[in-house]
Amino acid sequence: MNHESDWLRIEFIIGSRRISNFCWAFVLLLGALGFSFVGISSYFGKDFIPFLSSQEILFIPQGVVMSFYGIAGLFLSFYLWCTILWNVGSGYNQFDKKKKSVYLFRWGFPGKNRRICIQFSMRDIQGIRMEVQEGIYPRRIIYMKIKGQQDVPLTHIGENLTLREIEEKAAELARSLRVSIEGL
């Protein structure tokens, strides 16, 4: 869902509102609630959830450990649901050839730095760099090399692009900005 004209190019970045994050947050919440209810059930000596039996579990030490895991899981689930709600990491990359500027915008966590904005001139762009790492967890990221600054990632780290798609995207961006490609 990108927008492109002769002088303006906008690439939208998906943040934490991905199906995988919804699934993990939901599974983590259910698991944490299960652990918590089993720990509480072992303390009171009766089953609060019919299919989760706690008759053979002593409160000390197993019930305490189950309660601890449940509380830790609830905190992790709460954190994940908050990042989904706030859509952390989403935003866009805007390349304006008329103004000869690049504007990167991302949403962060709430606070005074919630809006993350980076703006620089196209003259400062040295090139486009690709990082490709294959294996169990493949990592394919496009970076923009800027004079006097560290490389700025343009694609989301969890974005699952094939090698061909990432090469095409990097080549198209490099052609548009009239810079070289590094990597591979």
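The values are calculated or read from the model by the stated rules, or taken from the named source; none is laboratory data. It should be emphasised that the depicted structure is a prediction, and the values quoted were computed from it without experimental measurement. No Cβ is skipped: glycine too gets one built from the backbone with ideal geometry, and neighbour counts run over all protein chains shown.
A few comments on the model shown:
- Residues within region 40-87 that are of a type in the set (A, V, I, L, M, F, W, C), part of a loop (DSSP other than H, G, I, E, B) and exposed (fewer than 12 other Cβ atoms within 10 Å of the Cβ), tallied: 2
- Once region 160-182 is narrowed to residues that are surrounded by 16 or more Cβ atoms within 10 Å (Cβ to Cβ) and under 23 Å from the mean Cα position of the chain (by Cα), the residue that is nearest to Asp6 (Cα to Cα) is Leu173.
- Taking the criterion of being aliphatic (A, V, I, L, M) and out of contact with any strand residue (DSSP E or B) (no Cβ under 6 Å at 6 or more places or on another chain), the only residue of region 131-141 that qualifies is Ile136.
- Search result, residues across region 92-106 that are part of a strand (DSSP E or B) and more than 20 Å from Gln150 (Cα to Cα): Asp96
- Filtered by the rule that a residue be modelled with pLDDT of 90 or more, loosely packed, with under 11 Cβ neighbours inside 10 Å and more than 30 Å from Trp81 (Cβ to Cβ), region 103-146 gives a lone residue, Arg123.
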